[in-house]
Amino acid sequence: MFGERFTHRLEAFSDLVFGFSLSLLATRLDIPADPSQIFEPKRWVTFVATFGIICLIWLAHYRIFRHHFVLAIADVIINFVFLLGIAVLPYAVQTFLRFTSDPDATALYFGDLSLVFAALATLRWRALLQRRGDPDPALRLPEWRATVRQYTLFLVIITSLIATRVGAIPREKFYPSLAVIFGAVTFLARFAVRRLPRFLQ
């Protein structure tokens with residue numbers, strides 16, 4: 001339904017959203033009232049980590065479209081949901097930095113990241129379906145691993161947020177648990193997923 005020109009326009013629009021999100025992220029670093037807070041670790045770690053995540057997500061988004069991804073209506077909708085998550089990130093970061101101990105601020109930040117991961121994984125999965133006939137399983141396998149990893153992270157983050165909200169996980173253990181699970185998911189996706197599933201071959 002959408003031609004090559006539309007695909008290029010969508011890529012350009014997506015890059016624009018990425019650029020604005022990165023620039024707005026920097027402007028969210030408010031000047032502190034006390035000079036001793038200029039190099040506050042929590043502020044800079046959150047900013048640098050989010051900046052790095054956005055850059056990695058941009059690279060993954062680029063890799064999806066470089067293989068002549070043919071867009072359907074569902075792909076366009078998923079891409080706009082993905083861009084919604086990218087656009088909300090600067091606000092989520094600012095809210096998280098200002099109200100770190102508030103459960104709603106934590107849910108907004110990590111929930112927005114999980115939305116981005118899920119949308120990106122869905123786009124990559126649909127792109128891999130289009131490439132089932134390509135003779136490059138060695139190139140597609142790392143992308144399938146990234147898809148599994150991001151879907152798993154989405155489920156882990158959402159489950160952890162719900163468990164923290166209902167009191168099943170103490171708030172002070174939320175971040176250590178998330179870090180351990182992230183490492184475990186990354187390890188398993190690398191060594192447990194050894195071949196493409198049948199529906200991608």
> Mind checking which residues of segment 13-44 are open to solvent by 60 Å² or more (accessible area, probe 1.4 Å), out of contact with any helix residue (DSSP H, G or I) (no Cβ under 9 Å at 6 or more places or on another chain) and at pLDDT 85 or above?
Replying inline: Leu16
> What number of residues within segment 108-140 satisfy the criterion of being free of Cβ contacts under 8 Å to residues at least 60 places away in the same chain, open to solvent by less than 30 Å² (accessible area, probe 1.4 Å) and aliphatic (A, V, I, L, M)?
Replying inline: 4
>> Can you tell me which condition Ile162 does not meet? The list is (1) part of a helix (DSSP H, G or I); (2) over 15 Å from the mean Cα position of the chain (by Cα); (3) hydrophobic (A, V, I, L, M, F, W, C); (4) within 23 Å of Asp75 (Cβ to Cβ), and all the others hold.
In response: (4)
>> Anything in segment 81-106 that is small (Gly, Ala, Ser) and open to solvent by less than 30 Å² (accessible area, probe 1.4 Å)? List them, or say none.
In response: Gly85, Ala92, Ala105
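Can you tell me which of Ile158, Ile162 is open to solvent by 30 Å² or more (accessible area, probe 1.4 Å), modelled with pLDDT of 85 or more and touching a Gly at 6+ places or on another chain (Cβ under 8 Å)?
Details: Ile162 fails: touching a Gly at 6+ places or on another chain (Cβ under 8 Å).
Only one candidate passes the filter, namely Ile158.
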> Could you give every pair whose Cβ atoms fall below 8 Å, whose first residue belongs to segment 31-49 and is under 10 Å from Leu97 (Cβ atoms) and in a helix (DSSP H, G or I), and whose second residue is at pLDDT below 75 and aliphatic (A, V, I, L, M), counting only separations of at least 6 or pairs across chains?
Replying inline: Arg43/Leu29; Phe47/Leu29
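Can you tell me which residue is farthest from Leu141 (Cα to Cα) among those in segment 45-63 that are open to solvent by less than 20 Å² (accessible area, probe 1.4 Å) and under 14 Å from the mean Cα position of the chain (by Cα)? Full working, then the answer.
If we filter segment 45-63 for residues that are open to solvent by less than 20 Å² (accessible area, probe 1.4 Å), which is where we start, we get 46, 50, 54, 57, 60-61.
Those left that are additionally under 14 Å from the mean Cα position of the chain (by Cα): 50, 54, 57, 60-61.
On the way: Thr50: 27, Ile54: 23, Ile57: 18, Ala60: 14, His61: 16 Å.
Per the criteria, the residue is Thr50.
The values are calculated or read from the model by the stated rules, or taken from the named source; none is laboratory data. Model, not experiment: these values are computed from the prediction. Cβ atoms come from the backbone with ideal geometry, glycine included; neighbour counts cover every protein chain shown. Protein only, heavy atoms only, side chains kept; ligands, DNA and RNA dropped before computing areas. Shrake-Rupley method; radii C 1.70, N 1.55, O 1.52, S 1.80 Å.
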